Amino acid sequence: MHWPHKDLLSIQQLSVPQIEHIFDLAAKFAEINNRPVKKVPTLKGKSVVLFFAEPSTRTKLSFDMAGKRLSADTFSLAQSGSSLQKGESLSDTALTLQAMHPDAIVLRHVASGASDYLARHLQCAIINAGDGWHAHPTQALLDGFSLFQVWGEAFAGKNILLLGDIAHSRVARSDIEMLTKLGAKVRVCAPRTLLPPALLSWPVELEQNLHKACQDMDAVICLRLQLERQQAGLLPDLREYAAHFGLRPCHLQHARSDVQLLHPGPVNRGIEIAPELADADNSRILDQVSSGVATRMALLYLYLTSSREEA
Ligand code: CP
């Protein structure tokens, strides 16, 4: 497939055939991850900077692994230990990186719109690895790929619940964009204080009773409480939150018998999801991590090898 995009900033940029193409490519790359020698020369000579100005385990390590398995050279820059700590601005940091001629920068940043800003000013590919509350497109794609491995392309008509801190979650925004684009019906469940004011304009249904919210669900995606982004006073206390909005086996009595359970991680066990559900056979949580490597291999391949015309 001809790939027209220079950057990956949000799911909004992608058509359904392009999302399905990413899933197909990820399935091919997943096979490499199961070989005894997990390395191919596809991106030999390409350089990828992993610029993570916010903490990360899964996204950073899986992009690093994805790049190395495709023989790209990967270089890490973090907030801590970089000149960002001396007050260097994002734009000067970005121009400094550009002067070293990387082929792509994978950026995680606390500011919504940071990736869009870099994409406008730099010539190399910018891949958004999470910007503030705005978007986490590669997480949505790996969530989609995890479900694609179970359902194939049959997303149309599937019922999917997003549970938890919708207001502060970039994963929720990107998941909703992607899942509804693929034809799934999305329901959300959260306390009022963790719902965004714009919810009415989103293509989702709201159900605040978790027992009712789980009814007929094909998948439940639990979200992390983004305590670092919350103002004080949004939750009475974590125990009360867990009692009303933490997923437990009793909630799934009226879900589909093969309901799939997802969580982008890191998981607060016993608060967002009961430990026995996080570790159950129908939990996709660790599959999501494996899918992350394969999906990011597919993305690095597409954004580093396509001879594109500007979209
Ligand atoms: N899901 C996710 O983005 O995890 P990390 O913060 O560990 O990268």
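The values are calculated or read from the model by the stated rules, or taken from the named source; none is laboratory data. The structure displayed is predicted, hence computed values, not measured ones. Heavy atoms of the whole protein, side chains included, go into the accessibility calculation; ligands, DNA and RNA do not. Shrake-Rupley method; radii C 1.70, N 1.55, O 1.52, S 1.80 Å.
How much length is gained if the chain between residue 28 and residue 244 is pulled fully straight, taking 0.36 nm per residue apart and subtracting their Cα-Cα distance, in nm to one decimal?
73.7 nm
Would you mind telling me which residue in 198, 154, 104 has the biggest mean-square fluctuation in a Gaussian network model of the chain, where springs connect alpha carbons within a distance under 10 angstrom?
Judging by the Gaussian network model, the answer is 198.
For region 107-240, list log₁₀ I(q)/I(0) at each q in 0.17, 0.20, 0.22 Å⁻¹, using the Debye formula over Cα point scatterers of equal strength and ignoring solvent, two decimals each.
Debye intensities relative to I(0), on a log10 scale: -0.95, -1.21, -1.35.
Binning every alpha carbon pair distance of region 65-153 at 10 Å from zero, what are the percents per bin?
14, 41, 32, 10, 2
Considering only protein heavy atoms and a probe of 1.4 Å, how much of the accessible area of region 176-311 is carbon and sulfur, as a whole percent?
50
In whole Hz and in residue order, list the ³J(HN,Hα) couplings for region 15-26 that follow from phi through the Karplus curve 6.51 cos²θ - 1.76 cosθ + 1.60, θ = phi - 60°; x for Gly and Pro.
With coefficients 6.51, -1.76 and 1.60, one gets 8, 4, x, 5, 5, 5, 5, 4, 4, 4, 5, 4 Hz.
Could you tell me what a quarter of the Cα convex hull surface of the chain works out to, in nm² with one decimal place?
16.1
Of 174, 146, 89, which is the most mobile in a GNM of the chain whose springs link Cα atoms less than 10 angstrom apart?
89
Give me the percent relative contact order of the chain, please, defined on Cα pairs under 8 angstrom at least 6 residues apart.
Result for the chain is 23 percent.
Add -39500 (n - 2.57) for each DSSP H run of 4 or more in the chain, then divide by its residues: what number comes out at 222 nm, to the nearest 500 deg cm²/dmol?
For the chain, the value works out to -10500 deg cm²/dmol.
With both partners inside the chain, how many of the DSSP beta bridges are antiparallel, as a percent to the nearest 5?
If we restrict to bridges inside the chain, about 5 percent are antiparallel.
Among the DSSP beta bridges whose two residues both lie in region 113-251, what percent are antiparallel, rounded to the nearest 5?
Percentage antiparallel, nearest 5: 10.
Give me the percent of Cα-Cα pairs in region 1-145 that sit more than 27 Å apart, rounded to a whole number.
Looking at region 1-145, the distances longer than 27 Å represent 19 percent of pairs.
Could you go through region 115-129 in sequence order and give the Karplus-derived ³J(HN,Hα) for each residue, using 6.51 cos²θ - 1.76 cosθ + 1.60 with θ = phi - 60°, rounded to whole Hz, and x for Gly and Pro?
Once θ is set to phi - 60°, the couplings for region 115-129 become 5, 4, 4, 5, 4, 6, 9, 10, 7, 6, 5, 10, 10, 6, 9 Hz.
Taking 18 Å as the cut-off for C-alpha to C-alpha distance, list the pairs among 158/185; 181/212; 38/68 that go past it.
181/212
Just for the Cα atoms in region 186-301, what are the lengths along the principal axes, largest first, rounded to whole Å?
Cα spread of region 186-301 along its principal axes, largest to smallest: 42, 32, 28 Å.
Mind pulling the per residue volume of the convex hull built on the Cα atoms of region 189-248? Å³ is fine.
In region 189-248, the Cα hull volume divided by residue count equals 102 Å³.
So in region 60-191, what percent of DSSP beta bridges are antiparallel if you round to the nearest 5?
Antiparallel: roughly 10 percent of the beta bridges in region 60-191.
Top mean-square fluctuation among 30, 72, 280, Gaussian network model of the chain, C-alpha springs under 10 Å?
Sorting by GNM fluctuation, first place goes to 280.
HN-Hα J couplings of region 195-206 from phi, Karplus 6.51/-1.76/1.60, θ = phi - 60°, integer Hz, Gly and Pro as x?
Result, rounded to whole Hz: 10, x, x, 7, 3, 4, 8, 8, x, 9, 9, 10.
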